[in-house]
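Just below is one structure, and these are the notes that go with it.
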Amino acid sequence: MITSAKEERKKYYQETQCYYMISEDVSNTEWIAKLPKAEQAVIIMEGVSMYLKLHELVQLFNALHEHFENLCTKKQAPCYCRVLVKNLISKIT
């Protein structure tokens with residue numbers, strides 16, 4: 001039986017009101033609406049960005065920015081995506 005990454009992490013990290021894990025398809029940004037609204041947020045996407053296409057990363061950053069106003073501006077999101085992709089490509093080659 002294959003366990004999900006979320007279930008595996010729960011063995012080591014306890015969820016609280018302020019720290020909880022979600023397991024969703026990041027290419028479909030509807031799940032972001034389930035997150036509590038806040039002025040600031042820390043988003044950790046371990047092992048995620050490398051599997052998304054550039055337009056999916058831009059869509060994800062834009063959706064996160066709409067939900068959490070202090071992440072980045074919409075004009076910056078494509079730049080962040082290009083830097084991520086450039087860094088990933090440099091590591092591969």
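What to note about this one:
- Exposure of residue 11 as accessible area (Å², to 10), given a probe of 1.4 Å and all protein chains: 140
- Among the protein heavy atoms, those of residue 22 account for about 80 Å² of accessible surface (1.4 Å probe, every chain in place).
- Estimated at the nearest 10 Å², the accessible area of residue 50 is 110 Å² with a 1.4 Å probe.
- The relative contact order of segment 1-68 comes to 37 percent, based on Cα pairs under 8 Å that sit 6 or more residues apart.
- Global form of segment 6-69, assessed from the alpha-carbon gyration tensor, a/c cut-off 1.5: oblate
The values are calculated or read from the model by the stated rules, or taken from the named source; none is laboratory data. Fair warning: this is a prediction, and the values are worked out from it, not measured in the lab. Surface areas here come from the heavy atoms of the whole protein model, side chains and all, with no ligands, DNA or RNA. Shrake-Rupley method; radii C 1.70, N 1.55, O 1.52, S 1.80 Å.
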